[in-house]
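Here is the structure we will look at.
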Amino acid sequence: MSVLAGICCGFLLNLFHVLFSFYLQLKLFKFVFLKYLYNINNLYCNKFKKFQLESELIEKCVKNYSKLPRHMTLILGEESVSYEDLIQIIVWTLPTGIPVLSFYDHKNELKADTLYEVFLKNYKELVPHIKWGVSFSKNNTIEKNLSKNGIIFYFTVDIKKYYLVFYYRQLLIDSIKELSRKKDLKLTDRASTEAALDDLMMQKLSNSGNPDFVVINGNVYTTYGLSPWHIGFTELLTIPSYKLLTVKDFTNILHVYAGYERKFGR
Amino acid sequence: MSSLSSSFSPLISSSDTTQSSFSSWISEKPLSWFQRLCIYILKWGSLPKHVAIVMDGNRRYAKKQSVEKIQGHQKGFGKLTETLQWCSDMDIMEVTIFAFSIENFKRTREEIDALMELARQKFRLMIEEWKKLRDHGICVRVIGNLALLPKDLISLIIIATLLTKDNKRTFLNIAFSYTGKDEVLSTSSEIINGIRDGKIRENEITETFFDQCLYTYESPPPDLLIRTSGEFRISDFLTWQSWNNQIYFVKSLWPEFSMWNLLFAIFCYQHFLGKFMKTYEDRYFNGSANSVKFADTLQKERWRILVDRCCSNGMKLDYQTLESLSAEEVYVYYKKHYDT
């Protein structure tokens, strides 16, 4: 009897999971449909003209947002790499005033140089506006700075690497060893040791610093091993698929961030 | 996903409608037959072994109910005891709760004092209920930078953890005066000093060795991290340990957290389990005898420093002696020196 009850319960649980998968797919169809309409609308539109129109729309929307992230990271998650969609996100981020945009692919399929080449092929005129981060072998000099509200800034695009499963953990171990070897470094108390280690880790991990906002591709909130030095106080958001984003979805994502309230412990 | 769970209303749930009890660490509210059935069904899938919870929203709840903030925290405590009961019913053996962050010291003096007083009450209650905790097999550990806390509170924490250290069925880790970065930096600092003093060699420092030196050395990494109140960040809670777990955000404020929120979080955990990175495999610490000794000494040294700190507050025995006492003897010691 208990075996029969167990079988029934197992079957019921699997049924609920199947129904839940179906529900998630239905939610996705809405985005698929809207993306299809978006693509149809832009089918015969000149790329640069489309960029200008969308930039105006984005600037108009973000003007009303109370805050924007200083550094936004997109985690690709389980989805395959689509360079066209990634460069579209770069192009949309350009007019927002967000200084740093980075991508994180734990599968290591995203190649920096391929991303650069695809961007160059499609938006050659925008390349001088972007500071390509340390992941890119083509370290270019900025010819044209960007300006927002009278402030000149660089727009940096970077890729966060994921070499090994426990990369950043090993990085901390290496940093501990490195600091202990520095005999000339006066680590008189715990506070000075901690400050020195924190500086060293930030230096090693990324030149772009901590992301304020991490957008996770997929239905599940998980950071796929993104370094904890990066995400302790970062705001998180999931999106169904970065390949299905329209410009309206992109502005909505930033709108969600603008609505997040930070209390800093208070 | 969190909006789906918060709109799902239980069919029969007497325990959710009654007032939460603030008077015991052990909640013995009966579950409805429907709740028990849902738990039974869920248990046929994978369950997280370790759940971490950020209990956020007590003050907003108090504001919503137009009561004092401290009453919101009291209600939050009641919800905590209920949640521990639900986890126990679901055979989730380890729960870590984020009770007080180092960042929270930025709050007003008045609020901090009220929270510390509440903590004193709850730890005293835990000490008085040590037999109940023993019967339920609950081992309480407190992790964090405890040196930042008032001495009398540290004394109560030490006594409470000693009273429950031999209980092995369920583990409750209370993160108090804690942030993930502080944990990692302070541990690293201690290891660096150890290398400089010649107590440990560089080649003995590995990731698993580092894990053994953290505050959470006795616990596996959390499989599921739940955060309430609709905030979408982890606030530096177990960030080192949570590099590959699933995070579930709930819109409800912590005192409004229901069993259905928990069940749905676990359902989602099951649903997405195979869809992200491989779960953390148990990484056995196979260090040298010297590194094992160093890690062990480091943990004991932390407690020794805390006990010494409490000496001026009446703690008459050193930690080694206290650790060797049985739970009954520790309770007698507490009654003699601390109970007023």
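The values are calculated or read from the model by the stated rules, or taken from the named source; none is laboratory data. For clarity, every value in this text was computed on a predicted model and none was experimentally measured. Every residue, glycine among them, receives a Cβ derived from its backbone with ideal geometry; neighbour counts consider all protein chains shown. These area figures cover heavy atoms from the full protein model, side chains too; ligands, DNA and RNA do not enter into them. Shrake-Rupley method; radii C 1.70, N 1.55, O 1.52, S 1.80 Å.
Structural remarks
- Residue list for region B:26-68, restricted to those being crowded, with 18+ Cβ neighbours inside 10 Å and on the phi > 0 side of the Ramachandran plot: B:GLY57
- One residue stands out in region A:219-238 among those that are open to solvent by 10 Å² or more (accessible area, probe 1.4 Å) and modelled with pLDDT of 90 or more: the one that is nearest to the other protein chains (Cβ to nearest Cβ), namely A:LEU237.
- Of everything in region A:155-188 that is among the aliphatic types (A, V, I, L, M) and buried (at least 16 other Cβ atoms within 10 Å of the Cβ), the residue that is modelled with the highest pLDDT is A:ILE176.
- The C-beta contact set for region B:69-95 (first residue in contact (Cβ under 8 Å) with a residue 12 or more places away in the chain, second residue in a helix (DSSP H, G or I) and of a type in the set (Phe, Trp, Tyr), distance under 8 angstrom, 6+ apart or interchain) comprises B:GLY72/B:TYR61; B:LYS75/B:TYR61; B:GLY76/B:TYR61; B:GLY76/B:TRP254; B:LYS79/B:TRP254.
- Counting only residues that are closer than 17 Å to A:GLU178 by Cα and open to solvent by less than 30 Å² (accessible area, probe 1.4 Å), region B:178-208 holds 14 of them.
- Tally of residues being at the interface with chain A (Cβ under 9 Å from one of its Cβ atoms) and in contact with a Ser or Thr (Cβ under 7 Å, 6 or more places away or on another chain) across region B:189-201: 4
- Residue ID - farthest from the other protein chains (Cβ to nearest Cβ), chosen from residues in region B:130-147 that are surrounded by fewer than 20 Cβ atoms within 10 Å (Cβ to Cβ), under 18 Å from the mean Cα position of the chain (by Cα) and in contact (Cβ under 8 Å) with a residue 40 or more places away in the chain: B:ARG134
- Enumeration of residues in region B:203-244 that are in contact with a helix residue (DSSP H, G or I) (Cβ under 9 Å, 6 or more places away or on another chain), in a loop (DSSP other than H, G, I, E, B) and within 8 Å of chain A (Cβ to nearest Cβ): B:ILE205, B:THR206, B:PHE232, B:ARG233, B:ILE234, B:SER235, B:ASP236, B:THR239, B:TRP240, B:SER242, B:TRP243
- Once region A:39-59 is narrowed to residues that are out of contact with any helix residue (DSSP H, G or I) (no Cβ under 9 Å at 6 or more places or on another chain) and part of a loop (DSSP other than H, G, I, E, B), the residue that is nearest to A:PRO95 (Cα to Cα) is A:ASN46.
- The residue list B:LYS29, B:LYS64, B:LYS43 contains one member that is farther than 17 Å from B:LYS251 by Cα and modelled with pLDDT of 90 or more, which is B:LYS43.
- Unique residue being away from every other protein chain (no Cβ under 11 Å), open to solvent by less than 30 Å² (accessible area, probe 1.4 Å) and among the hydrophobic types (A, V, I, L, M, F, W, C) when the list is B:ILE247, B:ILE154: B:ILE154
- Out of A:PHE20, A:PHE33, one residue alone is closer than 30 Å to A:TYR242 by Cα, under 34 Å from the mean Cα position of the chain (by Cα) and more than 10 Å from chain B (Cβ to nearest Cβ). It is A:PHE33.
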